[in-house]
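Some notes on the structure that comes next.
The values are calculated or read from the model by the stated rules, or taken from the named source; none is laboratory data. Owing to the predicted nature of the structure, the values given are computational and were not obtained by experimental measurement. Because the Cβ atoms are built from the backbone with ideal geometry, glycine has one as well, and the counts that use them run over all protein chains shown.
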Amino acid sequence: MDTKRERILARVTAELERLGWVRSVLRRTLETPREAGDIAGGSQLPLAAVTGSLPMFQGSLAGNQALSVSEMEIAVHVYGMERDRPDSVLSEYAAAVRRIMTADPTQGGLSLWTNPLERQRADMLPPYFGFSMAFAVGFVHDAAGQ
């Protein structure tokens, strides 16, 4: 059985796949935007990559030692290729990622909160671009991670 962490990451992946402009979603990061262009000759761009940190224990749920509240960081990395207006496209994609990550802070009832973190990054290596956004996701789980 998948852990709560894995179910949250799977849900985020599925939500990103629903964005009309995303051609594929990976569960790993790429080294550079140019590496994204090397994937299938750039035909899989734009693509998104989702990574999650290990959960950090925040405390017990209302004193119940069997249930823990933890927080993990989910990073969404997007890689694309645009020759004419890369900065505008990057802005549009970033707004869409933020919207999809915060539309349901409970991530389909799996988490307690989803908060955008200040840590963001954007890179351009024409004609490729990439950006990363991070989100703190808090959730309840038992000792087995469920």
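In region 111-132, how many residues are modelled with pLDDT of 85 or more, over 15 Å from the mean Cα position of the chain (by Cα) and part of a loop (DSSP other than H, G, I, E, B)?
1
Looking at Ala14, Ala48, can you tell me which residue is in a strand (DSSP E or B) and either modelled with pLDDT of 70 or more or more than 20 Å from Ser70 (Cβ to Cβ) (or both)?
Values: Ala14 fails: in a strand (DSSP E or B).
After ruling out the rest, the residue left standing is Ala48.
I'm told Arg28 meets every condition in (1) modelled with pLDDT under 95; (2) surrounded by 12 or more Cβ atoms within 10 Å (Cβ to Cβ); (3) of a type in the set (D, E, K, R) except one. Can you identify the failing condition by its number?
Here Arg28 meets the rest and fails (2).
Can you tell which of Val89, Val25, Val78, Val97 is without any contact (Cβ under 8 Å) to a residue 60 or more places away in the chain and in a helix (DSSP H, G or I)? Steps first, answer last, please.
Details: Val25 fails: in a helix (DSSP H, G or I); Val78 fails: in a helix (DSSP H, G or I); Val97 fails: without any contact (Cβ under 8 Å) to a residue 60 or more places away in the chain.
After applying the criteria, what remains is Val89.
Filtering region 72-87 down to residues that are surrounded by 22 or more Cβ atoms within 10 Å (Cβ to Cβ) and more than 14 Å from Arg23 (Cα to Cα), which residue is nearest to the chain's Cα centre (by Cα)?
Filtering region 72-87 for residues that are surrounded by 22 or more Cβ atoms within 10 Å (Cβ to Cβ) and more than 14 Å from Arg23 (Cα to Cα), the one nearest to the chain's Cα centre (by Cα) comes out as Val76.
Going through region 84-139 one residue at a time, which ones are small (Gly, Ala, Ser) and under 21 Å from Leu54 (Cα atoms)? So that I can check it myself, show each step before the final result.
At the first step, the residues of region 84-139 found to be small (Gly, Ala, Ser) are 88, 91, 94-96, 103, 108-109, 111, 122, 130, 132, 134, 136, 138.
Passing the criteria: Gly108, Gly109, Ser111, Ser132, Ala134, Ala136, Gly138.
Residues that are at pLDDT 95 or above, in contact with a strand residue (DSSP E or B) (Cβ under 6 Å, 6 or more places away or on another chain), of a type in the set (A, V, I, L, M, F, W, C) and not in a strand (DSSP E or B): does region 133-144 have at least one?
Looking for residues that are at pLDDT 95 or above, in contact with a strand residue (DSSP E or B) (Cβ under 6 Å, 6 or more places away or on another chain), of a type in the set (A, V, I, L, M, F, W, C) and not in a strand (DSSP E or B), one finds none in region 133-144, hence no.
Within region 62-69, is there a residue that is modelled with pLDDT of 90 or more and either under 21 Å from Met101 (Cα atoms) or touching a helix residue (DSSP H, G or I) at 6+ places or on another chain (Cβ under 6 Å) (or both)?
yes
From the set of residues in region 108-146 that are closer than 14 Å to Glu73 by Cβ and hydroxyl-bearing (Ser, Thr, Tyr), which is surrounded by the fewest Cβ atoms within 10 Å (Cβ to Cβ)?
Ser132
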